[in-house]
Each structure stands twice: as C-alpha cells, then as structure tokens.
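Here, each number is a calculation from the coordinates, and none is a lab measurement. Everything quoted here is computed from the prediction, not taken from an experiment. Backbone-built Cβ (ideal geometry, glycine too); neighbour counts: all protein chains shown.
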Amino acid sequence: MGFQTEFNSVCKFKNEQELYELLEYGRTKMVKQGFRVYPTGQKVIAYTPGNIAVAIVKISASIAEINFQGNEVTAVEMELVRKLTEEESRVQTALAEEMFFGEQR
C-alpha cells in the first residue's frame, strides 16, 4: 500500500462518461485505481482519454479508500472552471505530449 503523487497540473480522464458529466453538468467524480494524491483546491488542466487538453478544473476533493471489492481506489471530485479555447487546447496538448504523455510510449 502506497500513495502515488499525480503531477499537479494534469488530470487525465480514462472514462468518457466522467468527462461528459464534467463538460455537461460542470461537476464530476473521477475514479482512479490505486491510492493517489491529488492537489485539492488547485486548478489543473483536464485531458481527454486521447490526451487532448479540454478544460481547466478545480479539484474539490481527493478520497483514497478500499472499495467493497477490496481494491485500492481514489475518487477525485472536481468542478469545471472553464473550457479551453482552441488555441489554448492546441498549446496545452502539445506541451503535455512533450512533457508527460510522450514519455509513456
């Protein structure tokens, strides 16, 4: 059991439904596997499952727990600050590809 620290300016969605709820309703709860630490109270850039920057969100809660199936999970609650413009998205996507996502390949 250990906590993995997330980079403090990236929030990557792996689930399209969670991203849809954020963009449609302005709030969502994202569930990640394992215990993680998210920067509660900070604004971060949200990315689609395809690594495209789409919005600025504010992390309102980060709750690490063991669920009913016995798995370590972290629920991250967030609210939409605003969607990114096309230019902002293009620049943030390019930077994240170089700095974070490109290294995973």
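A few comments on the model shown:
- J(HN,Hα) series, region 43-53, from Karplus relation 6.51 cos²θ - 1.76 cosθ + 1.60, nearest Hz, glycine and proline x: 8, 9, 8, 9, 10, 6, x, x, 6, 9, 5
- Put simply, when 19-29, 81-91 are sorted by average Cβ atoms within 10 angstrom per residue, most first, you get 19-29, 81-91.
- Residue of G34, G50, G70 that the Gaussian network model of the chain assigns the largest fluctuation, springs spanning Cα pairs under 10 Å: G70
- Over the chain, equivalent-ellipsoid semi-axes from the Cα gyration tensor in Å: 23, 16, 12
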